[in-house]
Amino acid sequence: MEEEKLRKLQVFGFDGLQNLVTLFKILEREKISVDEVTDYVKYTVEANRKKIEQFEKKAKEMQIVWKKNSRRCPTCMKPLAARAINIPKGKQNLKGYTCYWFCQGENCNFEEYTHEDFKEIYTKIMKGR
């Protein structure tokens, strides 16, 4: 084999080339063309793109609902964000807090720890209550 071709094949590494040979043998045995594999890859890429697009759209919609229904920061009046605290009462959570409210405003440092049930709060906010 020409040295130039060997140099080009080395880019893929020995494992990659072994996988390629195995794939070609399977494709040949199963009578699947390289064009069909290419079409499958294109289909999969497009399906994943659509899935990500739908996920991002849903996330934006949820963010809009949260911002509309969440408590307001007493300092700057922007919607507060909340997080569950999963550390049980003890050395790392002396007062047993279960919920952390904080402002995401650029120049605002408001934060509040509470004993509220985060799941209940989240459900109420997302349902608009």
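FYI, it's all coordinate maths here, none of it is from the lab. Quick caveat, the model's predicted, so the values are computed rather than measured. Note that we place each Cβ from the backbone using ideal geometry, even for glycine, and neighbour counts take in every protein chain shown.
In degrees, nearest 10, range 0 to 90: what is the angle between the Cα axis of helix 13-30 and the longest Cα principal axis of the chain?
The helix 13-30 is inclined about 70 degrees to the chain.
Using only the alpha-carbon atoms, how far is helix 118-127 inclined from the longest principal axis of the chain? Give it as 0 to 90 degrees, nearest 10.
In the chain, helix 118-127 runs at an angle near 80 degrees to the longest axis.
As a test, work out the antiparallel percent of DSSP beta bridges whose residues both lie in the chain, rounded to the nearest 5. Write down the numbers at each step before the final one.
Values: 11 of 11 bridges.
The antiparallel fraction comes to roughly 100 percent.
With N denoting the number of residues in region 71-129, provide Rg(C-alpha) divided by 2.2 N^0.38 Å, to two decimal places. Can you show the working numbers first?
On the way: Rg = 12.4 Å, N = 59, 2.2 N^0.38 = 10.4 Å.
Relative to the 2.2 N^0.38 Å estimate, region 71-129 comes out at 1.19.
Sort TRP66, TRP101 so that the residue with the fewest other Cβ atoms within 10 Å of its own Cβ comes first and the one with the most comes last. Let's see the in-between values first.
Values: TRP66 16, TRP101 19.
The order, fewest Cβ neighbours first, is TRP66, TRP101.
Modelled label-to-label distance, LEU23 and MET126, 7 Å Cα→beta-carbon offset: nm?
The two pseudo-label positions are separated by 3.8 nm.
Among ALA47, ILE64, GLN18, whose Cα lies farthest out toward the positive end of the dipole of region 1-75, if unit charges sit on the beta carbon of Lys, Arg (+1) and Asp, Glu (-1)?
Value computed over the given set: ILE64.
Hey, got the dipole for the chain? About the Cα centre, +1 on K and R Cβ, -1 on D and E Cβ, debye to the nearest 20?
Values: 26 positive and 19 negative charges, 213 e Å.
Using Cβ point charges on Lys, Arg, Asp and Glu, the chain gives about 1020 debye.
Taking the Cβ of GLU56 as the center, what net charge do the other residues with Cβ under 12 Å away carry, scoring Lys and Arg +1 and Asp and Glu -1?
Values: positive: ARG49, LYS50, LYS51, LYS57, LYS58, LYS60; negative: GLU53, GLU61.
Taking every Cβ under 12 Å from that of GLU56, the sum is +4.
Kindly provide the helix-only [θ] at 222 nm of the chain, computed as the sum of -39,500 (n - 2.57) over DSSP H runs of four or more divided by all residues, to the nearest 500 deg cm²/dmol?
Values: 4 runs with 72 residues, N = 129.
For the chain, the value works out to -19000 deg cm²/dmol.
Using every alpha carbon pair in the chain, what percent of pairs falls into each 5 Å bin from 0 up to the bin containing the largest distance?
2, 8, 10, 11, 10, 9, 6, 5, 5, 6, 10, 9, 5, 2, 0
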